[in-house]
Structure formats: C-alpha cells, structure tokens
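Here's the structure we're looking at; comments come further down.
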Amino acid sequence: MELNDNSITKIHAYNAIRSFLSEKTNQNLIDELGIRDGIERRISGLNCEYEFALISHFSEQFEFILGFDESFSKLTDTKTPDFFLKKKDGKKFFIEVKSKESDTFNDITETSLAKRKVIADELGAEWCLALKMQNRWGLFDYNTFTSKKRKVSYPLDLNDSIFISFFGFDYYIVQNIEAESIFSNEYEKIDRIRHKEYGTLINYKLKTGPITLIDDSSKNKSIFVEEIHNRFSNQEIQKINAKETRLIEKLDKPILVSTDQLMIASIMHTINQHGLRNDAKTFFDDFINHKDPSSQINAYKFFWQQMIDKCPHNEIVKPQKVLFDCNGNFQAEIFQV
C-alpha cells in the first residue's frame, strides 16, 4: 500500500502518543485513524530515529543532540536532516537517518542530496547518512556515499562505515557462552523480564565452562546481554514443575556484537508502564521523563567490563579490525580484552 501525505501525518501523530496508551486503546486508535495497513513497517522506520538518538546519547560523544521537524522546512522546500550533532571536540554533523528491510539502499536522489549538502555547508556541518540494515548500523560520510553513487549494499559496504569509530564503540567476538534461566508462571512483577510462554524470570546465570559470569539475584542484569541471547542457536527446555521452567541456551559458534547492539537489545527487553515490552520510542519517552541517564550508562559499562574481566580465556575478545564478506560472515584481527 502506498501511503499518502495524510496517512503519513496520521502515523506521525499516532507514534507521538502511543507510549502513553494501553494496548487496547492503541489498537482502537489505529482503526479510528484508518492506518492499520503498513503501520508496523512505518513505525519501525520511525523507531530507528529514536534508536539513533538513544545511541548518540549513550555514546557520550556529543555536546548537543538536536532533532528536526521537517514539516516546517517544507515552507521553503528546505531539505533538513533528522539530527544536528555537535561533538565535544567541536565538529558538527548533519545526520540523515534511514532504515531498509532489503539489502540495498538507493533512496536519495542526486538533486535531494545536493540540497541537503547546501544546508549542511551553510551551518558548517558535515553531512552523513546513518543507515540501519539487517540489525546493523552503518554511517557514511558525504564523500563515501557519493563515491558509491548514492547506493549502499549490505553487507559489503559495512566495510566502509565509520559508525563504530564515530561513536567510540567496539566490536566484540563472543563464544563458548551458556545461559540458564528459570521462569515462573505464577509470579509477576512489572520491572522484571518475562517470557511470553514461561512467565517471569526468577533466576538467571551466564556461564563459560565452570566459570559463572553472572549470578543474577536481582533478575535484571541479564538485560545487558540480551543481544547474546538473540544469537543463541542451541536451546534446551526443562520443565521443573507445573509452575517453573528452566531454559538452557548456548552458542554453537562465535558471534560478532557491537556496543550499540548490546545497549539497544537491552532496551527492547525492558517493560513499560502498561506491562508491554518497550521499543525505542516507548523507552525514549520514559527515559527522558523518569530515568537518570548517567546511572543507566554507567551501570551498563560497569556490568559489561565486569563480565569481560571474569572470562578466563578467549570467550570475549575485541577485534582490532573487522571485515565482512558478501554473505555477512566476518573476519577479524583480534587481541584479548
């Protein structure tokens, strides 16, 4: 279905308030606005902007982060970016945020790009494209993007992305990790992780061989390694009794994760005020109104470093350089963290 301007306006309006509504009210509002067709794909695209904002904030690299409402820019046919960032070293960046479900992005015309570049130059900023494809972010400066004829392909073009260095992030190769989670279907608490089939998490351990990396009595620290859980391919389910289930998960091969993936995956497993799992938008609304940003960031960094320090061998290593092949497999030069 091709969305007209009116439908897009309705979707933006709906997205602005959905964090504050119950699931039932949200569904009724979608029907009332007549935007059910294509809503999931469109909301997913809008969520990428909020995800990028959170990534930018968590990186602690920026003096300020400004977002734009493009509707005002239409008065003068000005091509504004999604974000205007100023790094702590004084450098300024105009960031265009896009996402693509397919493996090829070529949605910015030469004329449109030229207009965007004019505004960036006028304000002394460097224009960049932030693009999310297949759960990985890439960041391409103007020269790189134009050298590719305004076309980015996944995964090979990730090799030319500056995303990791731009935000001061890292890649990690993780292997030989096992998780044991115990869930109960009789215990509910809104600030704890819940499995849709087995109930609320009541006990959690992350191990490598005989070494316990996490023994989580608070039942909440495991959200910091949810991206690893997303990659587990070997799973064993054990029924303890009528109320409790044990879930054992393992990695059967090394995986590559990045700092932003670890942080965003943890966000997606928190629960909002309506008892539903957050996405980037709902978490953002709650975060800016209720949470202490510094404590959230420091807790994440301390936890991840603590887990790395417990690894006895090469269970977690940090590559010096990562290259992707045409199938999305990675090759890396590494040193132990």
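The values are calculated or read from the model by the stated rules, or taken from the named source; none is laboratory data. In this text the structure is predicted, and so the values were computed from the model without any measurement. Neighbour counts are summed over all protein chains in view; Cβ atoms, including those assigned to glycine, are modelled from backbone coordinates with ideal geometry. Heavy atoms of the whole protein, side chains included, go into the accessibility calculation; ligands, DNA and RNA do not. Shrake-Rupley method; radii C 1.70, N 1.55, O 1.52, S 1.80 Å.
Brief remarks on what is shown
- Close contacts from segment 228-255, counting a first residue that is small (Gly, Ala, Ser) and a second that is exposed (fewer than 15 other Cβ atoms within 10 Å of the Cβ), with Cβ to Cβ under 6 Å and a gap of 6+ residues or different chains, come to SER233/ASP252.
- The set of residues from segment 131-148 being open to solvent by 40 Å² or more (accessible area, probe 1.4 Å), among the polar types (S, T, N, Q) and part of a helix (DSSP H, G or I) comprises ASN143, THR146, SER147.
- Selected residue (only one of ILE164, ILE240, ILE211 is of a type in the set (Val, Ile, Thr), open to solvent by 50 Å² or more (accessible area, probe 1.4 Å) and within 19 Å of GLN305 (Cβ to Cβ)): ILE211
- Neighbours by Cβ (under 8 Å, 6+ apart or cross-chain): first from segment 279-295, closer than 14 Å to ILE223 by Cβ and modelled with pLDDT of 80 or more; second in a helix (DSSP H, G or I) and open to solvent by less than 20 Å² (accessible area, probe 1.4 Å): PHE283/LEU54; PHE283/ILE267
- Considering residues of segment 316-327 that are crowded, with 17+ Cβ neighbours inside 10 Å and in contact with a helix residue (DSSP H, G or I) (Cβ under 9 Å, 6 or more places away or on another chain) only, the residue nearest to ASP103 (Cα to Cα): PHE324
- Taken as a whole, the condition of being at positive phi and not aromatic (Phe, Trp, Tyr) applies to GLY34.
- Elements of type helices (runs of 4 or more DSSP H) contained in segment 1-86, each with 3 or more residues being within 20 Å of ARG277 (Cβ to Cβ) and open to solvent by 20 Å² or more (accessible area, probe 1.4 Å): 23-33, 39-59
- The residues of segment 87-123 that are more than 30 Å from CYS326 (Cα to Cα), in contact with a Lys or Arg (Cβ under 6 Å, 6 or more places away or on another chain) and open to solvent by less than 60 Å² (accessible area, probe 1.4 Å) amount to a single one, ARG116.
- Hits in segment 149-161 - residues which are open to solvent by less than 50 Å² (accessible area, probe 1.4 Å), assigned to a helix (DSSP H, G or I) and without any contact (Cβ under 8 Å) to a residue 60 or more places away in the chain: ASP157
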